[in-house]
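To start, the structure under review is shown below, and the notes come after it.
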Amino acid sequence: MAITTVRTTGDPETAEAAPALHTHIRLAAEGLPDTDPARVVRAVESGRAPGATAVEDLELAVRASAALIGADPQYSRLAARLLARLIRDEVLAGGLRTFSESVAQGHRLGLHNDALAALAGANAAAFDSLVGDEADEADDRFGYFGLRTVYDRYLLRHPTTRKVIETPQWFLLRVAAGLSSGVDEAAELYGLTSRLAYLPSSPTLFNSGTAHPQLSSCFLLDSPRDELDAIYGRYTDIARLSKFAGGIGVSWTRVRSRGSLIKGTNGRSNGIVPWLRTLDASVAAVNQGGRRKGAACVYLEPWHADIDEFLELRDNTGDEAQRTHNLNLAVWVPDEFMRRVEADAEWSLFDPKDVPDLTDLWGERFDAAYAAAEAAGLAKRSVPARTLYARMMRTLAQTGNGWMTFKDAANRACNQTAREGNVVHLSNLCTEILEVTDDETTAVCNLGSVNLSEHVADGEVDFAALSRTVRTAVKFLDRTIDRSYYPTDAAGGSNRKWRPVGLGVMGLADVFFKLRLPFDSPEAKELSTRIAEEIALTAYETSAALAEELGRHPSYADTRAADGVLHVDHFPRAAVTQPARWDALRKTVARTGLRNSLLIAIAPTATIAAIAGSAECIEPVVSNVFKRETLSGEFLQVNPYLIADLKRLGRWDEATRGALLSSEGSVQDFGWLPEELKSLYRTAWELPQKALIELAAARTPFIDQSQSLNLFMAAPTIGKLSSMYAYAWRQGLKTTYYLRSRPATRIQQTTVAAAAPVSLVEPSRFTPDEAVACSLENPEVCEACQ
Amino acid sequence: MTVPSQRNGQTLLDPGMDLTLRPMRYPDFYEQYRAAIRNTWTVEEVDLAADVSDLAKLTPGEFHLVKRLVAFFATGDTIVANNLVLNLYKHVNAPEARLYLSRQLFEEAVHVQFYLTLLDTYLPDHEDRAEAFAAIEHIPSIKEKGDFCFRWIDSIDGLDRLDTAADRRSFLLNLICFAACIEGLFFYGAFAYVYWLRSRGLLDGLATGTNWVFRDESMHMNFAFSVIETVRREEPELFDDALTAEVTRMLEEAVDCEANFAEDVCGEGLSGMNTGDMRRYLEYVADQRLARLGMPARFGSANPFDFMALQDVQELTNFFERRVSAYQVAVSGQVSLDEDF
C-alpha cells in the first residue's frame, strides 16, 4: 500500500519508498519519544532518487536521522538503530548468519589468521551463543557516530565486493578471540568491550585475529646516527611500522646541523630540514591501507642549532622547500632550558657533531655536560633563552604543533631508566608514551582505555567495578605483546624485553557531568586522582600476578622496581589514599617482580571514544555542540547531559537550539540558566587552563608513562602561552600535547537567522576585549565568541 | 559599533584615491583585513590523496556533479577577482578598505589555484581538462551564471567616478550582486553540494579545501555587507524602494539561474540531493541575504538541508583524520611567566 505524506512545501504526494522502510523507521523509533519518525520518512521521500533501491533508501533514512541529531540527541540512537539494521542486512545478503560462519569465510578469503579460524571452528556453537539474542541489545549501546565509525572503518570487508563480513558484535568478539586461548577468555574480554566499558586501541581493533595482527599503537625510534645510511635506514623502518597502523615518534637530535662540515666530501651540511622533507614525503606515501593516514612526530632538543628552522617546518608562509606539512613536531626540553628562561639568561646552540653525548644525558649530568660544552666554546651561537622560548610559543599558537615535552621529568621517574645508558630520548606521536630507545631499540606500546563513563553507578564511581575492568584489561594488554606481529626486529625485540603496556582512560568528563562536578572543583581533582590511583594500583597488582604466573619481563633487573622503587615513590607529595594497599603491593612486587616495565599511559582516544560515545580521555568537552570531521564525514555531537538538564527546565526548544548554535555551544550567555549549570557546562575554552594542568599534575604520580594533555586557548598570546607552559613545567608534567586555538575567522553561519542590518556585527576579532564587547552587543551573530 | 568619523564630510563612495590611513575613518575594515591575515592557508596543505580513490567509487551521476562543481568554482572565483580589481577597488575610497580588498584578491587567487589543482588532479585526461576549464563557453548552465555576472559587471564598466546618486545606486547593485548573489548564493549553492558529498564521507580533500574557501568567501561577503552598511549610514537616501525592488528581482533571477544549474548538476536526482530541495535551499539563503540588507523576505522557504547545519558548528579534528584548519597565523606579545591563563 502506498503511503501518503505531506511535504513541507507543495502538495501531498504519493510516496514511492517501500512501506517496509516506513515500518523500519517507526519500529526503530520505539522508546525514543523525542524523535518524529514521520519527519525522517518525509526526508527520505523528498530526497530519494528515482529508482532507488531498498538499501539506498535505508542509507538515506540513516543520514536523514543523523542530520537531525542537532534537533534532539535521540535521533542519534534512531540513526544508529537504522544503521545496525543496514549492517545486518548487508552481512545476511553475503550469506553469513553467525560469527563462526563469518570467521570461516574471512579465513578462506585470507583475512583471518589460522589460529583464530581454528579456535572459532572448534568452538563454533559456544562462540555463536555469545553473540546470539543479546546482540541487538549490545548494538543499542552505540550512538550513531560510534556505529558509523565502526561500520566505515573497523568491520572487515570482503576483498572484492567491499561488503562487510562482520556485524559490530562479531567484530568485538573477533578482537577478543584473537587475543584469547579459549572461549572463556574471549567471553571475559568481549563482556567488557560489548558493554563499551573498555576498548583496546585502534590497531588492535583493526588487526586482532587477522592475518597481519600488528596490534601496537605506537613506535618510538631513536634519532638516526649522523650518517647517510643510518638516515635512510630510519626511513625504511618508519615506513614499515607505519604501514600497519602504527603512529611514529622519531628523534632527529643526533643529526648534524646546517653548515656542519661533511668530511667525506669537504662540503657543508644543509642541516636537518632536507632530511625531514624526505621523511614528510615518506610518511604521506604510506596510508595504512586507507583506514587512516600515516602520521609521525619528530622530536628535537632545543639546543640543536637547527631549532629555528625546525620550529618553522609547519608554517604556512615562506619557502615550501623548508616545510613539512605532514609531520608533527615536538620539542624535547631539558630543565636547564626552562631555568634559563626563568632567569632570562642566554642559551647556547650546538651542532650535535660537536656534542654527540648530550642527547644521551639528562638531569644533573646533562646540566654539567651542557655547561662544559659552553665553557669549551663549542656553541655555534647563543640566543636569549626567552627569544627561543617565544619562538616556540609562536609555533604552538600558529600551528598547534611544537609540543612541549620535558626530558628530565620524563626520565627522572621512568621505571626503565634505572641503569646507565637506558635513556628516554623522546615521546611518541601522542606524547603519552615514555620508553627508552637506542640505535638498535625501537620502543613499542600497546594501548587500551577504560571507559570511565561506564563505571558510574548510583551517583558515584564504582571502584570495585573499575578494578575488575582494569584486571581484565591488563591481562589482555599483556597478551597483546605476544600476539602482535612486529614489522621490524628492533621493535619486536624491545617489546618482548620490556613488555610495556599503556592502560588509559576515556570519559572522565562524562563522570564529572554525571556526578555534577565542575571540572575545576576540588572534588573533581580529588576524584580524578583517586581514579588514577585505583587504576595504577590494580594494574600493578595484576602485573605482579602475571609475573608470578608467567614470569617477569626479561629486563626486570634493569628497572627501578627491581631496586624497590615504584613510580609513585618518586612523588613524595602524591595524594595516596590507600597506603596499606601500596605497601602490600611493594611486598608482592619484591617477591614476584613485574610482568610489565610500564603500565599506564593516557592516550588521546579520539577514535575509540567516538566508538564508545564518551568524552575523550581526560579532556573537558570542547563545546556543548560541535561537529566531528572524520574520514566517514561530519557528525554533530551534542552534550547529552546539558540537553537532559535543558529538557528538565523546559527550555530545550527552537530558541535555545538556535542560541546554542549561535554561541558555538557555549551556555555562558544564557541569562536564564542557573549558575551551577553554567559552571558545570563550561567548555574547554571557558575553563581555567590552570585547572587542567593541576588535574594532570595531581595524577602524574600514578601515571608511569605520561598523558596526552591538550591545552586550550581561544586567543593565544606569547605572554599567556609562556606563562602556561612554564607553569606546566613547574608542576612537574612530563609532556603536553596540542595547543588548541580557534580559527581567526570562520564561516558565516548559514542556518542561523541573519542579523538585522543596523546591529551588523563585524566578523571575528580576536583580542579578548573586543570579543566581550561583541558578544554584549549582539550575541546572536557574534563570530568572535565561538 | 562606532560610527566612523567622516573627514571633511567625505563619504566612502566619493570619487578619489584617499591615501590617509591616520586618523582611520573605518577601523573595522582594517580589523577585517587583519582577521583575514590570521587565516592564511595554502593549497599545499590540502591532501588530495584520498580523493583520487574516492572518484573511482562515484556513480556517473555523482561524478558529473563533481565535474560541474569544480568547473564552476574555477571560473567563478576568477570572475569575482576580476570584478574586484576592475570595479570595486576603484570606487571604495578608503585605504583601509582597499587593504582588505587587496587581501581578498590574494584569497581569490588561492581559491583559483586550489580549484585549478583539483581539476588537474581529478581530470587526468587533457581533453576533459580543457573542456572543464572552458566551462563558461559551452556548458549552458554555467554560461547562464556567467552571463548573469557579466551583466552586472558591465553595468558599471563605463563608470570612472561615482558622481550622481544614480551612479552610486549602480555601484551598489554591482556590489550587492557580488555579495548576495555570487558569493552569497551561487557559492553557497556549490558549497551545499560539497557538504552533501562530505556528509556521505566522500572527497575529503575537496571538502577540506572548500571548507577553507567557504570560510574566506563568507568573510568576503561580510566585508561587502559592511561596505553597504557604511554607505547606507552615510547616504541613506540611496536606499529607496526602487533599490529594494531591484535587489529582490536580482535575487529572484539568481535563484532561477542557480536552480537551472542544479537541474544540470543533479540530473534525475541523486540520493539526498535533487533540484527541488536545492531550489528551496537557495530560496532560504536568498531570504537571508535580503534580511541582511534590511529588505523583506521574498520566498519564505525553510532550509531542507539539515547537513548544512553542521557548517555552523566548530570543528574538532584529530590528526589521524584530517588536518586541523583552526590555527591562527599572527600571534603577538612577549614572554612573561606570571600572566593568567
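Below are the figures for this structure:
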quantity	calculated
Every pair of residues 6+ apart whose Cβ atoms lie under 6 Å, when the first sits in the range B:287-302 and is more than 9 Å from chain A (Cβ to nearest Cβ) while the second is of a type in the set (D, E, K, R)	B:Ala297/B:Asp287; B:Phe299/B:Glu283; B:Phe299/B:Asp287
Which listed residue, of B:Leu58, B:Leu48, is within 12 Å of B:Leu197 (Cβ to Cβ) and not small (Gly, Ala, Ser)	B:Leu58
Selection count where residues are within 23 Å of A:Thr441 (Cβ to Cβ), among the hydrophobic types (A, V, I, L, M, F, W, C) and surrounded by fewer than 19 Cβ atoms within 10 Å (Cβ to Cβ), scope the range A:555-573	2
Conditions (1) facing chain A (nearest Cβ under 10 Å); (2) part of a helix (DSSP H, G or I); (3) touching a Leu at 6+ places or on another chain (Cβ under 9 Å): number failed by B:Gly201	(2)
Pick from the range A:190-218, criterion hydrophobic (A, V, I, L, M, F, W, C) and out of contact with any helix residue (DSSP H, G or I) (no Cβ under 6 Å at 6 or more places or on another chain), ranking: farthest from A:Pro487 (Cα to Cα)	A:Phe206
Where A:Ile611 falls short, out of the listed (1) in contact with a Ser or Thr (Cβ under 9 Å, 6 or more places away or on another chain); (2) more than 25 Å from A:Leu434 (Cβ to Cβ); (3) surrounded by fewer than 24 Cβ atoms within 10 Å (Cβ to Cβ)	(3)
Test: residue in the range B:149-159 that is assigned to a loop (DSSP other than H, G, I, E, B), exposed (fewer than 15 other Cβ atoms within 10 Å of the Cβ) and out of contact with any Pro (no Cβ under 6 Å at 6 or more places or on another chain)	yes
Test set (1) in contact with a helix residue (DSSP H, G or I) (Cβ under 6 Å, 6 or more places away or on another chain); (2) farther than 21 Å from A:Tyr727 by Cβ; (3) not hydrophobic (A, V, I, L, M, F, W, C) - A:His425 fails condition number	(1)
Top-ranked residue of the range B:169-198 - restricted to ones that are aromatic (Phe, Trp, Tyr) and more than 9 Å from chain A (Cβ to nearest Cβ), ranked as nearest to B:Glu237 (Cα to Cα)	B:Phe171
In the range B:12-62, residue surrounded by the fewest Cβ atoms within 10 Å (Cβ to Cβ) [restricted to those that are within 12 Å of chain A (Cβ to nearest Cβ), of a type in the set (A, V, I, L, M) and not in a helix (DSSP H, G or I)]	B:Ala56
When residues of the range A:507-535 are limited to those that are outside any helix (DSSP H, G or I) and touching a Pro at 6+ places or on another chain (Cβ under 9 Å), the one farthest from A:Ser181 (Cα to Cα)	A:Asp520
Extreme residue, surrounded by the most Cβ atoms within 10 Å (Cβ to Cβ), among residues of the range A:451-496 that are over 17 Å from A:Ser201 (Cα atoms), of a type in the set (Asp, Glu) and modelled with pLDDT of 95 or more	A:Glu454
Among (1) out of contact with any helix residue (DSSP H, G or I) (no Cβ under 7 Å at 6 or more places or on another chain); (2) part of a helix (DSSP H, G or I); (3) not hydrophobic (A, V, I, L, M, F, W, C), the one test that B:Glu268 misses	(2)
Test: B:Thr78 is among the polar types (S, T, N, Q) and out of contact with any Lys or Arg (no Cβ under 9 Å at 6 or more places or on another chain)	yes
Extreme residue, farthest from the other protein chains (Cβ to nearest Cβ), among residues of the range A:50-77 that are in a helix (DSSP H, G or I) and over 15 Å from A:Ala38 (Cα atoms)	A:Arg77
Selection within the range A:283-315 - closer than 20 Å to A:Leu228 by Cα and modelled with pLDDT of 90 or more	A:Val298, A:Tyr299, A:Leu300, A:His304, A:Ala305, A:Asp306, A:Phe310
Given (1) away from chain A (no Cβ under 13 Å); (2) surrounded by fewer than 24 Cβ atoms within 10 Å (Cβ to Cβ); (3) under 21 Å from B:Tyr100 (Cα atoms), number of the condition B:Phe214 does not satisfy	(1)
One residue from A:Phe366, A:Phe406 being under 25 Å from A:Ile602 (Cα atoms) and assigned by the TED database to the domain that holds A:Asn326	A:Phe406
Number of the condition not met by A:Gln749 [criteria: (1) more than 7 Å from chain B (Cβ to nearest Cβ); (2) modelled with pLDDT under 95]	(1)
Looking only at the range A:574-586, and only at residues there that are charged (D, E, K, R) and touching a Leu at 6+ places or on another chain (Cβ under 7 Å), the one that is surrounded by the most Cβ atoms within 10 Å (Cβ to Cβ)	A:Arg586
Filter result for B:Leu69 (modelled with pLDDT of 85 or more and surrounded by fewer than 16 Cβ atoms within 10 Å (Cβ to Cβ))	no
Residues satisfying the stated conditions in the range B:110-132, i.e. buried (at least 17 other Cβ atoms within 10 Å of the Cβ), over 21 Å from B:Ser53 (Cβ atoms) and touching a residue at least 60 places away in the same chain (Cβ under 8 Å)	B:Val110, B:His111
Of residues in the range A:596-608 being more than 14 Å from chain B (Cβ to nearest Cβ) and within 18 Å of A:Thr204 (Cβ to Cβ), the one surrounded by the fewest Cβ atoms within 10 Å (Cβ to Cβ)	A:Ile600
1 or more residues among the acidic types (Asp, Glu), touching a residue at least 24 places away in the same chain (Cβ under 8 Å) and within 14 Å of chain B (Cβ to nearest Cβ): qualifying helices (runs of 4 or more DSSP H) within the range A:327-410	A:335-343
Residue within the range A:714-725 that is in a loop (DSSP other than H, G, I, E, B), within 9 Å of chain B (Cβ to nearest Cβ), at pLDDT 50 or above and touching a helix residue (DSSP H, G or I) at 6+ places or on another chain (Cβ under 7 Å) present	yes
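Table: residues versus (1) part of a helix (DSSP H, G or I); (2) under 27 Å from the mean Cα position of the chain (by Cα).
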{"site": "A:Leu642", "(1), (2)": "yes, yes"}
{"site": "A:Gly650", "(1), (2)": "no, no"}
{"site": "A:Ala659", "(1), (2)": "yes, no"}
{"site": "A:Gln668", "(1), (2)": "no, no"}
{"site": "A:Leu673", "(1), (2)": "no, no"}
{"site": "A:Glu676", "(1), (2)": "yes, no"}
{"site": "A:Arg682", "(1), (2)": "no, yes"}
{"site": "A:Leu687", "(1), (2)": "no, yes"}
{"site": "A:Lys690", "(1), (2)": "yes, yes"}
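The values are calculated or read from the model by the stated rules, or taken from the named source; none is laboratory data. Owing to the predicted nature of the structure, the values given are computational and were not obtained by experimental measurement. Neighbour counts run over all protein chains shown; Cβ positions are idealised from the backbone, glycine included.
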